[in-house]
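Colleague: Questions regarding the structure given below will be posed in turn.
Nothing in this text is a laboratory measurement; each read-out follows from the coordinates by a stated rule. Computed from a prediction, not measured in an experiment: that's the story for all the values here. All Cβ positions, even for glycine, are placed from backbone atoms using ideal geometry, and neighbour counts span all protein chains on display.
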Amino acid sequence: MITVHWFARRAVLAVRLVYMKTREAVETAYWRTFAFLRAAPSRIRNRAAKLWIGTDLSMKRLSFRPSRKTNRSGPELVTGGYVDLNEVRKFSMLDVRVLRQLQKAARKGKGGIFDVGPYIGGSTVAMASGHRGRRKHVVIEVGGAYPDQPFLPSLDIIGDLEANLSRYGLLECVSIYQGWSNDPAVFEPSIRELGTIGLFFFDANGAVAEQLAICAPYMEENCTVILDDINTEQSKAALVLPTLNRLIAKGALIEDRVIQGTWFGRLGKADRQAFAHYKHETGYAWLMRAPNPEHWRVELFEDGRPIGPTCALHDEVRAVGMGAWSHWVLSGVPIVLFSTSDNSDPNENGRRYVLESYPKAGAEPQ
Ligand SMILES: C[S@@+](CC[C@H](N)C(=O)[O-])C[C@H]1O[C@@H](n2cnc3c(N)ncnc32)[C@H](O)[C@@H]1O
């Protein structure tokens, strides 16, 4: 009896192994053939595609192609093979079902991909294997080392990220920016490269409200939004969930599904002002991005009504508030330090704050 059971188990394992190896070989041959067809001169390519698939529809399928390098040495083919997400899972903190959905979202949609918090690359490999260079994809990671991570320690996060992308031939399908995603010195060049955002993915430090506020003006209609850390067992959920619930209630985000603590949805039709998020400074003072006061004069409106006093002392904004505000440059970043008319929280009071800017006479606006 034991022998029969032993043989049966071995037979099942052997069949599974043959199945997996065959699947891998077929998928790799598939991608290599596409790469070959794309590299061939167009006449040969057209004939081959017609012979192979039978109709002109084949050219549409060719758009399902291996990626083009978009940076460094210019366009180049990458002949990526089949990417087994069960293998990718081994260097990701995300569940394989989440990785599968990320891959699908990157493959199906259009527009640039804004990807914050890849760590050593699990989520990024999943997405890049979906688009294979058909979409611009910027990745922002602060980097450093995390030797105490219990399952996936890293002594060089950016180095491991690049190595994992290279392993799958996907390094040239993404542009990596090292630094904090809310830092203008990192965000601005990355968004300049991307143009607009068709997929926003955030699996970082929980500061999603601020990142969405920064990114909202660049998001395309129907932009796909994917946010991790909504599982209440994780401490970051305390930051992510209230933001998410607030934005869903305002119609700014629409939920499609939740998989293993990762939220999948898209941009709603609501006014993008719904994403506005103000960082708390001290006391009654909040921070808002602003144009350079050297070249611009600004006016602040609360629900359409101007508030003030303007040019208030910072300590007055912090300690007294009641609508006092000041336009200033703080550590090289132009800001408005403001308070609301009744000292309520501007992120929660449901009012709309608009900063109108006018170029100063004689100054060159920048
Ligand atoms: C939970 S891990 C990401 C896991 C990854 N998505 C995966 O598939 O395994 C979060 C990563 O985000 C990075 N990070 C946190 N806040 C960031 C920020 N504001 N900008 C850039 N990187 C950030 C951390 O360094 C860390 O590597």
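Colleague: So, in Å, what gap is there between the alpha-carbon centers of segment 289-366 and segment 220-240?
Modeller: 30
Colleague: Between Asn292 and Glu188, with labels modelled 7 Å along Cα→Cβ, what's the label distance in nm to one decimal, could you check?
Modeller: For Asn292 paired with Glu188, the spin-label model returns 0.9 nm.
Colleague: Continuing with the same structure: For segment 138-173 and segment 244-270, what is the separation of their C-alpha centers, rounded to whole Å?
Modeller: Segment 138-173 and segment 244-270 have Cα centres spaced 28 Å from each other.
Colleague: Of Lys279/Lys360; Lys136/Lys269; Lys110/Lys360; Lys90/Lys136; Lys108/Lys279; Lys250/Lys360, which pairs sit farther than 29 Å apart, going by alpha carbon to alpha carbon? Before the final figure, lay out the partial values.
Modeller: Working: Lys279/Lys360 27 Å; Lys136/Lys269 24 Å; Lys110/Lys360 40 Å; Lys90/Lys136 26 Å; Lys108/Lys279 35 Å; Lys250/Lys360 36 Å.
Violating the 29 Å limit, Cα to Cα: Lys110/Lys360; Lys108/Lys279; Lys250/Lys360.
Colleague: Then there's this: Let me check against my output: what whole-number percent is the relative contact order of segment 249-304, with C-alpha pairs under 8 Å and at least 6 apart?
Modeller: On the way: 42 pairs, mean separation 12.4, N = 56.
So the answer I get is 22 percent.
Colleague: Between Lys104 and Ala25, what length in nm is gained on full extension when 0.36 nm per residue of separation is reduced by their alpha carbon distance?
Modeller: Values: separation 79, 0.36 × 79 = 28.44 nm, distance 2.13 nm.
Extra length from Lys104 to Ala25 when fully extended: 26.3 nm.
Colleague: Among Trp296, Trp325, which comes first, then next, by fewest other beta-carbon atoms within 10 Å?
Modeller: Working: Trp296 19, Trp325 28.
Least to most surrounded, the residues fall as Trp296, Trp325.
Colleague: For Val88, Val18, Val125, Val298, what's the fewest-to-most ordering of other Cβ within 10 Å of each Cβ?
Modeller: On the way: Val88 25, Val18 10, Val125 29, Val298 17.
Fewest to most other Cβ atoms nearby, the residues stand as Val18, Val298, Val88, Val125.
Colleague: On each of the three principal axes of the Cα atoms of segment 85-273, give max minus min coordinate, whole Å, ordered largest first.
Modeller: 41, 36, 31
Colleague: If you rank Ser331, Ser181, Ser235, Ser190 by fewest surrounding Cβ atoms within 10 Å, what's the result? List each step's numbers first, then the result.
Modeller: On the way: Ser331 5, Ser181 25, Ser235 9, Ser190 20.
Fewest to most other Cβ atoms nearby, the residues stand as Ser331, Ser235, Ser190, Ser181.
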